[in-house]
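The values are calculated or read from the model by the stated rules, or taken from the named source; none is laboratory data. These numbers were taken from a predicted model, which means no experiment stands behind them. Note: ideal-geometry Cβ built from the backbone for every residue, glycine included; neighbour counts use all protein chains shown. Only protein heavy atoms, including side chains, enter the accessible area calculation; ligands, DNA and RNA are left aside. Shrake-Rupley method; radii C 1.70, N 1.55, O 1.52, S 1.80 Å.
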Amino acid sequence: MTDTIHIQIDRADGSLQRLIGLVERRGFHIDGISMADEGAFRRIALTLRGRDAARCMDNLGRQIDRLFGARRISNDMIQSEAA
């Protein structure tokens, strides 16, 4: 199963790198990413898959919310054929 999480981040130096690092350190694979500029912000959609069944998307979302210059907009669950 994969999840898509929508995030808004500041256009500050290193903000995308911090976000990707957090996601990977918390045990998620990034299967897809799309990004759009919105002035002072970037809107990002990450399609994620946990490394194992113990990975919780809600916990990751709360950690992203605590990341400086980032905020989660929404989570969408997608049933994957490979799951």
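Just flag the trypsin sites (Lys or Arg not before Pro) in the range 1-78 sitting in loop per DSSP whose Cβ has no more than 11 other Cβ atoms within 10 Å.
Sites meeting the loop and neighbour criteria: Arg51.
Taking every pair of distinct Cα atoms and averaging 1/r, then inverting, what Kirkwood hydrodynamic radius in Å comes out for the range 32-73?
Evaluated on the range 32-73, it is 11.7 Å.
Just grab the label-to-label distance for Asn75 and Ala12, each label 7 Å out from Cα along the Cβ direction, in nm (one decimal).
Placing both labels 7 Å along Cα→Cβ, they lie 2.5 nm apart.
Just the accessible area per residue of the chain, please: how many Å² with a 1.4 Å probe?
In whole numbers, the chain has 63 Å² accessible per residue.
From zero outward in steps of 10 Å, how is the percent of C-alpha pairs of the range 1-49 spread across the bins?
Calculated P(r), rounded to whole percents: 26, 56, 17, 1.
Picking from Gly69, Gly61, Gly14, which is most flexible by a Gaussian network model of the chain using Cα springs under 10 Å?
Greatest mean-square fluctuation among the candidates belongs to Gly14.
Across the chain, what fraction of all alpha-carbon pairs, as a whole percent, falls in each successive 10 Å bin from zero upward?
All Cα pairs considered, the percentages come to 18, 56, 22, 3.
Given Ile64, Ala53, Ile30, which one lies farthest toward the positive end of the charge dipole of the chain, if we put +1 on the Cβ of every Lys and Arg and -1 on the Cβ of every Asp and Glu?
Selected residue: Ile64.
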